[in-house]
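As structure tokens, the structure follows; a few thoughts come after it.
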Amino acid sequence: MEDIALHALPSALIGCNLDASVFHDGRCRAKFESVFRIYDKDATFQYFKSFKRVRINFSNPLSAAEARIQLHKTEFLGKEIKLYFAQTLHIGSSYLAPPKPEKQFLISPPASPPVGWKQAEDATPVINYDLLYAISKLGPGEQYEIHAATDTTPSVVVHVCESDPENELEVEEDEDGTIKSKPKMIQTKRPEYMPIHLC
């Protein structure tokens, strides 16, 4: 069995499920403490009445472990005591360190930018002059094959809409390729404003 460093073990227990008189009555409290002082005469007690918990601090981890083994789920004043080892949290310093500067900026951006911060330059837009030239050559009513058909893929053809100067007819192509015109939907005019006269 591996040897565990003695200082790494918890030297405190948390007592739960206690009778309320332990927190109020001095005689019940003395009786409760005497149960644990059998295992360590120097044990100290911290009572957390609002949490209904008691922290029992032992002078060494072995006393805490023995008390836990012997007293867990035993009855005291008609209630079954539950004992758990108190967990300890070791932080490098006794003070909680602030987050790293780069994380601070992400959490809450400061009112002014950090020292040395510069606005990122927007990239120059890429203008494809070949594409612009090809689009300018497109004329109304003409078809342009962008991608030729192969044995496994269809061709890609752009149909440019015909210009309709009068804006009265829309052109529609049937499935068989015949072109027919259909009337354009004209927006309904709003009724004229007529004031209402109240008598």
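Test E162 against the stated conditions and say whether it is out of contact with any His (no Cβ under 6 Å at 6 or more places or on another chain), in a strand (DSSP E or B) and either at pLDDT below 70 or aromatic (F, W, Y) (or both). Considered against the rule, which asks whether it is out of contact with any His (no Cβ under 6 Å at 6 or more places or on another chain), in a strand (DSSP E or B) and either at pLDDT below 70 or aromatic (F, W, Y) (or both), E162 comes out as no.
For segment 33-56, how many residues are within 39 Å of the chain's Cα centre (by Cα) and either in a strand (DSSP E or B) or β-branched (V, I, T) (or both)? Counting residues in segment 33-56 that are within 39 Å of the chain's Cα centre (by Cα) and either in a strand (DSSP E or B) or β-branched (V, I, T) (or both) gives 7.
For segment 39-77, a residue qualifies if it is among the aliphatic types (A, V, I, L, M) and in contact with a helix residue (DSSP H, G or I) (Cβ under 8 Å, 6 or more places away or on another chain), and the qualifying residues are A43, V54, I56, L62, A67, L71, L77. In the set Q87, Q104, Q46, only one residue is of a type outside the set (S, T, Y), at pLDDT below 90 and surrounded by 10 or more Cβ atoms within 10 Å (Cβ to Cβ); that residue is Q104. Looking at segment 167-174, can you tell me whether even one residue there is surrounded by 10 or more Cβ atoms within 10 Å (Cβ to Cβ), assigned to a loop (DSSP other than H, G, I, E, B) and modelled with pLDDT under 65? Yes, segment 167-174 contains at least one residue that is surrounded by 10 or more Cβ atoms within 10 Å (Cβ to Cβ), assigned to a loop (DSSP other than H, G, I, E, B) and modelled with pLDDT under 65. Here S59 passes the criteria (1) assigned to a helix (DSSP H, G or I); (2) surrounded by fewer than 16 Cβ atoms within 10 Å (Cβ to Cβ) except the one numbered (1). Among the residues of segment 125-144, are any in a strand (DSSP E or B), modelled with pLDDT of 75 or more and either touching a strand residue (DSSP E or B) at 6+ places or on another chain (Cβ under 7 Å) or not aliphatic (A, V, I, L, M) (or both)? Yes - at least one qualifying residue is present in segment 125-144.
The values are calculated or read from the model by the stated rules, or taken from the named source; none is laboratory data. On a predicted model such as this, the values are computed, not experimentally measured, just so you know. A quick note on method: Cβ atoms are made from the backbone with ideal geometry, for glycine too, and the neighbour counts reach across all protein chains shown.
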